[in-house]
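The values are calculated or read from the model by the stated rules, or taken from the named source; none is laboratory data. Source: prediction; values computed, not measured. For neighbour counting, all protein chains shown are included, and Cβ atoms are generated from backbone atoms with ideal geometry for every residue, glycine included.
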Amino acid sequence: MKILILPIFILLVLVQWYVPGKMIWNKEKVHLSGKEFKFETEPVDPIHPFKGRYVTLNFVSDTFSFDSSLQIEYGKDIYVELVENRNGFAEVRNISNTIPTNNDYYITASISSISSTTQNGINRSLVFIEYPFEEYYLEEYKAPKVEEIFRSIGRDTLHTTYAIVKVLNGDAVIKDIILNNRSINEHFR
Amino acid sequence: MNAAILKELQELVRSNVISQETADNIETFYRKRKEDNNKFTIILSILGTILVALGIVLVVAHNWDEFSRPIKTIFAFLPLVLAQLLCSYAILKRKDSIAWKESSATFLFFSVGTCMSLISQIYHISGSLSSFLFTWMLLIIPLVYLLSSFVVALLYIGGITWYACLVGYGSPSEVPYWYFVLLLLLLPSYLRMTIYNPGGNAVNIFNWFVALSFACCFGSFARSWEHFELLFIGYLALFCFYYLVGTSDGFSQKRIMANSFFTLGLVGILVILYIWSFDWVWQGLSTNTDLSVFFASPFPYFTGLLFLLIMYFIATRFKRAGWNRLDPAGASVYIFTISILLFRYTPRMGVLVINLWLLLVALYYIRKGSQRTHLGILNFGLLIITILAIFRFFDDTIPFVWRGIIFLLTGVGIFAANIIIIKRKKAIAANQES
């Protein structure tokens, strides 16, 4: 058994490298080849005990209405196909419970809630989407200030705030947050 | 041991100043002191490592966003690589040094978490804290075996408890079934510890962590909290089971603080019984008879299993010692369950039964203390009655006169019992001297 300790430890080291390495690889792939989408957003400022302070992004385009024939289960992954609207912001084109075959620009997301409605006698469901990129991490002193800037902009209807998100084959990564036509980092220079 | 002292001892033996036996005793004394010093070094080095590692976690959590992505990625892997190198050195060159193995394993434990945190931070990866803890714990559990790290085992128990509580009590919540699998991964390590060092501090501390961890997570196996009395029945069953384990042959000789199952079990039993000795809890019982949601969760089935195990313990003891030495505390869950079933619409009766049962538990300890002439046990029984009397002081359903009498009797009882035991102890001491 003692002879095996070192090889097993080397295997453990490799696994301990593989998990964060895989996280990096997945995200770098999206950074390099993904398509940019702008997601209109409004944030709040919470904290994670290990990862630090972040702003939670509440996206405007986070609902989709569909007829109840589509079987979507709470707790399972859904695939959100995106399209750019007239103003250049991301909009949900379709959701499905299988991976879209003819479109690379979709996001694997989860369902935060489903509600049922009846429109013209047809049963429809409204799904609230939980995107896998709702947290934007910032230096601890900046996060509360960003929240403040967001709030002041939020009252002014002429300005829009949005996240630039790169999307590829179900994965997504936030590239930048734009506040008042300026990158989030420019507000601190 | 210092060579100069050894030389001096030999000199003293040769000169007939001290005997060989005294010299051996002195040598053993110094060797023992050196071992204690080693223990102190181990504890200090582990504490130091934990502080350094937590410091790194906090520095990383600050988020140095002026650095570029590649630089931050390098910083994410730096503590991980350093910790892995230290662990490799401990495995290859310092395999007999507990301090080295524990410190490097503890450092690696935190480095894995730090690395994952930083990567998530750099790429703004959302994700629940529970899934983060789950991956982290799976990545470090081999250290418990590869470096025989006891501290990592304790940190791991803390981690999986946190995970189970987040999954089970969070919103949305689900039954944290993975908790059992994660806990079972520690079983070989625990068995190894109990075989090689059954009475050691490590086993005692491990038992404390496991007992507390399971008590924290147990409630998360229920999916409905509307019928809270059923949760109390489950928890009382768990504490009775702990208590019976703690008073069984393998555990009963341990000191109170070394016997987690006994201490936690007894405190849990008493707290639940005290809560239900109040009228207002009984008044708040739900009138809804639909238990389908509750029975769809694993909680009632775990409770059922605990009922059977408790029955087994009580039956075995009854067979061996009969009624005479039967301990009422361990059977509390049966009395409580019967009270809930019979008196849910007559709360006064329920309150009366629970108060009387608490009194019986107290009398059992007073009798036990008296039989063993043990002031600690006797006063513990009296303390149970005293707390009960204090709670009843605020109970306006009992007339003032009766409450006054209860207080007087309790006070007189405490004085009388202590005086009797002290006198008995003196008599025993006098007999032994004569």
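Consider B:F214 carefully, then state whether it is within 12 Å of the chain's Cα centre (by Cα), in contact (Cβ under 8 Å) with a residue 12 or more places away in the chain and either surrounded by 17 or more Cβ atoms within 10 Å (Cβ to Cβ) or part of a helix (DSSP H, G or I) (or both). In short, yes. Within the range B:231-254, the presence of a residue that is free of Cβ contacts under 8 Å to residues at least 60 places away in the same chain, assigned to a helix (DSSP H, G or I) and surrounded by fewer than 18 Cβ atoms within 10 Å (Cβ to Cβ) is excluded.
If you go through the range B:185-204 and keep only what is surrounded by 15 or more Cβ atoms within 10 Å (Cβ to Cβ) and out of contact with any helix residue (DSSP H, G or I) (no Cβ under 7 Å at 6 or more places or on another chain), you end up with just B:L185. Restricting the search to the range B:310-345, which residues are aliphatic (A, V, I, L, M) and over 27 Å from the mean Cα position of the chain (by Cα)? Matches in the range B:310-345: B:A321, B:I338, B:I340, B:L341, B:L342.
Number of residues in the range A:109-143 that are within 13 Å of chain B (Cβ to nearest Cβ) and not in a loop (DSSP other than H, G, I, E, B) equals 14. In summary, helices (runs of 4 or more DSSP H) completely within the range B:81-153 and bearing 2 or more residues that are more than 10 Å from chain A (Cβ to nearest Cβ), at pLDDT below 90 and surrounded by fewer than 21 Cβ atoms within 10 Å (Cβ to Cβ) occur at B:98-122.
Restricting to the range B:386-434, name every residue that is outside any helix (DSSP H, G or I) and in contact (Cβ under 8 Å) with a residue 40 or more places away in the chain. Answer for the range B:386-434, where residues must be outside any helix (DSSP H, G or I) and in contact (Cβ under 8 Å) with a residue 40 or more places away in the chain: B:D395, B:T397. The selection criterion, being within 27 Å of A:Y136 (Cβ to Cβ), within 12 Å of another protein chain (Cβ to nearest Cβ), touching a Cys at 6+ places or on another chain (Cβ under 6 Å) and modelled with pLDDT under 90, does not hold for B:A61.
When the range B:387-402 is filtered for residues that are modelled with pLDDT under 75, of a type outside the set (A, V, I, L, M, F, W, C) and surrounded by 11 or more Cβ atoms within 10 Å (Cβ to Cβ), only B:D395 remains. A:D45 passes every criterion in (1) touching a Pro at 6+ places or on another chain (Cβ under 9 Å); (2) more than 12 Å from chain B (Cβ to nearest Cβ); (3) at pLDDT 90 or above apart from (3). If only residues of the range B:404-431 that are of a type outside the set (G, A, S) and over 16 Å from B:G369 (Cα atoms) are counted, the one that is surrounded by the fewest Cβ atoms within 10 Å (Cβ to Cβ) is B:N431. Within the option set B:I43, B:I56, B:I50, B:I74, being within 14 Å of another protein chain (Cβ to nearest Cβ), out of contact with any Leu (no Cβ under 6 Å at 6 or more places or on another chain), closer than 30 Å to B:A202 by Cα and aliphatic (A, V, I, L, M) holds for one residue only, B:I56. Consider B:W280 carefully, then state whether it is at pLDDT below 95, out of contact with any helix residue (DSSP H, G or I) (no Cβ under 7 Å at 6 or more places or on another chain), loosely packed, with under 14 Cβ neighbours inside 10 Å and of a type in the set (A, V, I, L, M, F, W, C). It is true that B:W280 is at pLDDT below 95, out of contact with any helix residue (DSSP H, G or I) (no Cβ under 7 Å at 6 or more places or on another chain), loosely packed, with under 14 Cβ neighbours inside 10 Å and of a type in the set (A, V, I, L, M, F, W, C).
When the helices (runs of 4 or more DSSP H) confined to the range B:263-372 are screened for residues that are under 15 Å from B:Y242 (Cα atoms), those reaching at least 1 such residues are found at B:299-321, B:332-343. Within the range A:49-63, residues that are away from chain B (no Cβ under 12 Å) and without any contact (Cβ under 8 Å) to a residue 40 or more places away in the chain sit with their Cβ atoms under 7 Å from residues that are in a strand (DSSP E or B) and not hydrophobic (A, V, I, L, M, F, W, C), at 6+ positions apart or across chains, in these pairs: A:V60/A:E40; A:V60/A:T41; A:S61/A:E40; A:S61/A:E91. Just one of (1) assigned to a helix (DSSP H, G or I); (2) of a type outside the set (D, E, K, R); (3) surrounded by fewer than 15 Cβ atoms within 10 Å (Cβ to Cβ); (4) within 14 Å of chain A (Cβ to nearest Cβ) fails for B:F67. It is (1). Condition check for A:D67 on (1) within 9 Å of another protein chain (Cβ to nearest Cβ); (2) free of Cβ contacts under 8 Å to residues at least 60 places away in the same chain; (3) of a type outside the set (V, I, T): one failure, at (1).
Taking first residues from the range B:367-385 that are surrounded by 15 or more Cβ atoms within 10 Å (Cβ to Cβ) and partners that are among the acidic types (D, E), the Cβ contacts under 9 Å between residues at least 6 apart in sequence or on separate chains come to B:K368/B:D327.
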